[in-house]
Amino acid sequence: MRVELLGLPVDILTRRETLGRALAAMRGRTRCQHVALNVAKLVQARRDPELDRDVRESDIVGIDGAGIALALRLLGEGRVERVAGIDLFQDLVGLCAAEGLRPYLLGARPEVVGETAQVLARRHPGLVLAGWHDGYFRPDEEEAVCRAIAESRADCLFIALPTPAKERFMARHRDRLGVPFVMGVGGSFDVIAGRVRRAPRLVQAAGLEWFYRLAQEPRRLAARYLRTNAAFAVLLAGALLRRLAHGRPVLRRADHRG
């Protein structure tokens, strides 16, 4: 089920349901684009019409951030499951190894994507990658990158570029790449390669993974987190006041135009 949350759509899917839809797309070679929604992306999309459109036209808008899951619960959706993008990515790679499906990795620095490929191959014996390419290609090189992906006949594509670059790349090329399942994975390659530490499970469960990242990179992330979290808090407070005023949930079904 897709609902409208603070002006942007989100799909109420469990981790198992999301994996099922991704696997069905890969087996049937039918297009399925996944976008992971967190607080920063929601706030940015409200100010960026292109990003808003890219999110709306995705086939799955997943509950990536703890803030998104909390907002859904507070606004009447009940208990929802957070499906973190990095967890989904690792689950899907495991499924690819088991099913004989071939992923393509795109993004991050050359050494990072290479290390990610090596780590995944060690973790999943039998995994065959369709290929990989770093994210530092120039606009005039994009055509060659897309051609390499299409010629690889990959079953899924994981894009480790920042927002909104990965959403723009998917929107521009998803229909010509011939890859059934396409997903943005943000900084996941840096975590898999061991370049960035992920928060311990207890911190993740408490919804404080963002704070753990902030503690690692305060200079780079402090201003961004302050802006986006404050904007999200204002939006959520307004929605909660409307819910109290009307005495009923304010979430509504959203049109799915993907």
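Across the alpha-carbon set of segment 101-143, the Rg to Rh ratio works out to 1.04, Rh being the Kirkwood radius.
Pairs of Cα atoms in segment 38-121 fall into 5 Å distance bins, from 0 up to the last occupied one, in shares of 3, 12, 15, 18, 18, 16, 11, 6, 1 percent.
For segment 156-226, the relative contact order comes to 27 percent (Cα pairs under 8 Å, sequence separation of at least 6). Subtracting the Cα-Cα distance of Arg201 and Leu240 from their residue separation scaled by 0.36 nm leaves 11.1 nm. One quarter of the surface of the convex hull around the alpha-carbon atoms of segment 1-92 equals 5.7 nm², the direction-averaged projected area. Along the Cα-to-Cβ line of Ala148, 7 Å from the Cα, sits a label point; which residues in segment 94-112 have backbone N less than 11 Å from it? Taking a point 7 Å out along Cα→Cβ of Ala148, the residues of segment 94-112 whose backbone N falls under 11 Å are 105-107, 110. Taking only the C-alpha atoms of segment 4-152, Rg followed by Dmax gives 16.8, 47 Å. Principal axis extents of the Cα atoms in segment 127-231, from largest to smallest and rounded to whole angstrom, are 42, 31, 21. Each distinct pair of alpha carbons in segment 73-179 adds a 1/r term; the inverse of their mean, the Kirkwood radius, is 15.0 Å.
Only helices at least 27 Å long along their own axis, judged from Cα atoms, and with Kyte-Doolittle mean hydropathy of 0.0 or greater: name those in the chain from DSSP H. In the chain, the long hydrophobic H runs are 218-246. The reciprocal of the average 1/r between distinct C-alpha atoms defines the Kirkwood hydrodynamic radius, which for the chain equals 18.9 Å.
No value in this document is a laboratory result; all are computed from the given coordinates. In this text, all values refer to a predicted model and were calculated from it rather than measured experimentally. All Cβ positions, glycine included, derive from the backbone under ideal geometry; neighbour counts span all protein chains shown.
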